[in-house]
1. Between ASP136 and ALA214, what is the label-to-label distance in nm when each label sits 7 Å out along the Cα-to-Cβ direction?
2. Would you please give the residues with an amide H less than 5 Å from that of VAL70, counting only those at least 5 places away or on a separate chain, with H modeled from the backbone geometry?
3. Looking at segment 1-154, I'd like the Rg to Rh ratio, where Rg is from alpha-carbon atoms and Rh is Kirkwood's inverse mean 1/r.
4. Ranking request for peptides 99-106, 67-74, 52-59, 142-149: highest mean number of other beta-carbon atoms within 10 Å first, then the rest in descending order.
5. To the nearest 20 Debye, how big is the dipole of the chain about its Cα centre, given +1 on the beta carbon of each Lys and Arg and -1 on that of each Asp and Glu?
6. Just want the ordering: ILE173, ILE167, from fewest to most Cβ atoms lying within 10 Å of their own Cβ.
7. Along segment 137-145, what does the Karplus equation 6.51 cos²θ - 1.76 cosθ + 1.60 (θ = phi - 60°) give for ³J(HN,Hα), rounded to whole Hz, x for Gly and Pro?
8. Amide H neighbours of ASP197 under 5 Å, counting only residues 5+ apart in sequence or on other chains, H built in-plane at 1.01 Å?
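Readers should treat all values here as calculations from the given coordinates under stated rules, not as data from a laboratory. For clarity, every value in this text was computed on a predicted model and none was experimentally measured. Neighbour counts run over all protein chains shown; Cβ positions are idealised from the backbone, glycine included.
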Amino acid sequence: MNIELGGQPQRVNTVFCIGRNYAAHAAELGNAVEPEPLVFLKPNAALLPVGELIRLPDYSSDVHYECELVVLIGHGGDDIAEADALRHVAGYAIGLDLTARDVQGEAKRKGLPWTKAKGFRGAACVSAFVPAGHIDPAAANFTLHINGELRQQGDSRLMLYPVATIISYLSRIYGLQAGDLIYTGTPEGVGALQPGDRLQLALQHGLLASWQVAA
């Protein structure tokens, strides 16, 4: 799938996601904070652009929203230094990491991977991207409203692992390529989606995105 940066289509490569990157969110789910970034992947087929319906998977009765700052890598590399990391960013977006929480809980109890809980079709909602120079990832604010009610309010200054640290870490362990996306973690306030819900996401400087859950 392609995403859009400044009105131009961009091909997506790997979709990286960071878990437990806000202490309050880890606490609300009873999870420990990890000593290094907790990384998982989503398939490209999970990406859902603005305007398409969110279709909840029929094998879950507890799909949660997680609003996140999303990073688009413009120039890849290995062993990127933190001091140079932000130069590798092409743009930023706002997105949703959807999670089948009941399925994830069962997988964790059995010591199994989370892919079924995190990688279903439409589980990675993402807005259009704005050029990197428009956003300061070290002080980015974002919000999620559902049916007009504020549900999440994020501030990247509260990230346990800032964007530059995440980029450096991913480049050292996995290597990064142009077109990689990074979902950087969600703040507290996650909860279940319901059929018909209307979601509006906002990132500073006027980047807005909305989705509706299929009835």
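1. 4.2
2. Under 5 Å from the amide H of VAL70: ALA93, ILE94, GLY95.
3. On the way: Rg = 15.9 Å, Rh = 16.8 Å.
We get a ratio of 0.95 for segment 1-154.
4. Details: 99-106: 19.2, 67-74: 25.1, 52-59: 14.4, 142-149: 15.9.
Final packing ranking: 67-74, 99-106, 142-149, 52-59.
5. About 420 debye.
6. ILE173, ILE167
7. Running phi through 6.51 cos²θ - 1.76 cosθ + 1.60 with θ = phi - 60° gives x, 7, 8, 9, 10, 8, 9, 10, 10 Hz.
8. The answer is VAL213.
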